[in-house]
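Below: the structure, in C-alpha cells.
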Amino acid sequence: MDRCIVLVDAGYLLGAAASLLAGEPSRSRITVDHTALIQALRERAEAETERPLLRIYWFDGAPDRVPQPEHRRLRVMPRVTVRLGALTRSDGRWAQKGVDAAMHAELTELARNRACSDIVLVTGDGDLLPGMMAAKEHGVAVHLWAVQAADGDYNQSEDLVAEADERRVLDRTWITQAVRAKELTGVCAPPPAPRPEIAAILSAPLPESALAAASERPAEQGVRPPAAAAAENGVQERVPAPKGVPTPKDLAGLRAPGAGAQPAQQPASATLRWSSDKGWVDRPGTVAEPPEVASMPTLAQLTTAEQRWADREEDITTVGGDPYEVGQVFARRWISRLGDQGHLQRLSTMYPRIPHRIDGELLRYAARFGLLAHKDDQIDEHDRYAIRAGFWREVDVPAAAEHAGTGE
C-alpha cells in the first residue's frame, strides 16, 4: 500500500526535547502543544516519504496504564492511535515498561500485513532493531527520526541508525514549533506557592466550640487563632463567620458542636466523613447534615444523556486536569443545571464545607484526570483542597451576584 505510518516513542521524543530545550530529560520541564506536534509530524512524514499518511501511533507509559489528560486528548485526534504501557517508579525515577515491546509488535504486524510502504520510527531504543529488520524483509522502507541531541552526539542506538533506510534529525527549530521549555525563576525551582483560595479554605474559622477548645490548649503547643494564620498566608479572600463544619484537618481532635447540648469531647482520631472513589467512610464524631442540605441534587441527577456525552467530549478535548480547574468545571456544570437556585444560596452559607454527596461526586470526577493518585494508601491532601477551592471559586461568583441583586 502506497502510504506511510508513523510510530512515535513519546518517552524518547519528549525526553530528548526536554534535554535539548531545558537541559534535562524531565518532561515536567516542558510544555507541549500536542495538536501542533501531531500536525507537524504528519506534514513532515508525508513530505519525507512522498506518501499520504495512514496513521500515527503514539506509544507512551501511564501509571497502571490509565490514560492521562494528554492521552485522552491525543486519542480523539484524527489519524492518531494511542498505545499505553505501564509507568513505574523505582529509585525515585519513572520508567516505562512494555512500550518497546508494543512498538515492536505493531511494527512487525504492519509490515507483515503490508499495511503501508513506508514506516517512520521516532525512537532511539535499540530493542526495536529486530522489528526494523523484519519490516525491511517485508519490503517496507524504514525512516528513522532522531531529536537533535543536546550535546551534539547520538541519542539513538548506533545499530538502529545503521540499519535504517533513511535517517533525519528533528532539530531545535522544528521541535520548538510545538514544545517550549518552562521558565524557572532561579537555578533551583522553589516549591509552588499555594493558591490564595486554597489558603483561605485551610485557614477558615473554626466553630465556636472548636475555638474554645483551641484556647484551652497550652500556649507552648503553638495554637494560633485562624485569623492569624490567614494573615500570615496573605489571604485576602472572604473569611466567613464561624458556622458549619470546617475541613477535616481543622476538626481533627477538636470538639464537634452538639445538638442543643454542651459539646462533647471527640476522640483524638475523629475526622469528618471522607469521600472516596469507593463510596463514603463514616468516622467517629461525624455531624449529620440537615435534610435540606442532604437532599441537594448531585450533578448526575441534573445531567441528561445528551449533556453527559457533551461533558465527556469537553473533558477529553479542553479540560487540562489541573486540580483547581477540575473543581471549577464541575461547579460550573452543577450550577448551570440547578433548577432551584435556593440550593445555591444554602450552599454558599456552608463555606468551606461541601455537602457529602456532592463532595464525593466531585472527587470521583477528579479521579478521571489521574488526580487523587494513591501513595502508600494515602490520598494527596493538597489536590483535594485545590479541587474544592476551584469548586468554591465558581460557587462564589453567582452567589455574590445574587446578593448584589437583592441589596444584601
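Please give the number of the condition D100 fails out of (1) in contact with a Leu (Cβ under 7 Å, 6 or more places away or on another chain); (2) free of Cβ contacts under 8 Å to residues at least 60 places away in the same chain; (3) charged (D, E, K, R).
(2)
How about the stretch 84-158: which strands (runs of 3 or more DSSP E) wholly inside it have at least 2 residues that are crowded, with 23+ Cβ neighbours inside 10 Å?
118-122, 141-147
Would you be able to say whether some residue in the stretch 6-27 is touching a residue at least 24 places away in the same chain (Cβ under 8 Å), acidic (D, E) and surrounded by 23 or more Cβ atoms within 10 Å (Cβ to Cβ)?
Yes - at least one qualifying residue is present in the stretch 6-27.
Considering the stretch 57-68 alone, what residues qualify as being within 18 Å of T317 (Cα to Cα) and buried (at least 20 other Cβ atoms within 10 Å of the Cβ)?
W58
Would you say A102 is at pLDDT 90 or above and in contact with a Lys or Arg (Cβ under 7 Å, 6 or more places away or on another chain)?
Considered against the rule, which asks whether it is at pLDDT 90 or above and in contact with a Lys or Arg (Cβ under 7 Å, 6 or more places away or on another chain), A102 comes out as yes.
Considering each of T108, T88, T123 in turn, give the residue that is in contact with a helix residue (DSSP H, G or I) (Cβ under 6 Å, 6 or more places away or on another chain), of a type in the set (S, T, Y) and over 18 Å from L41 (Cβ atoms).
Checking each option against the conditions leaves just T108.
For the stretch 31-52, check the following and say yes or no: at least one residue is touching a helix residue (DSSP H, G or I) at 6+ places or on another chain (Cβ under 6 Å) and closer than 18 Å to G131 by Cα.
Taking every residue of the stretch 31-52 in turn, none turns out to be touching a helix residue (DSSP H, G or I) at 6+ places or on another chain (Cβ under 6 Å) and closer than 18 Å to G131 by Cα.
The values are calculated or read from the model by the stated rules, or taken from the named source; none is laboratory data. These numbers were taken from a predicted model, which means no experiment stands behind them. When we count neighbours, we look across all protein chains shown, and the Cβ atoms used for this are built from the backbone with ideal geometry, even at glycine.
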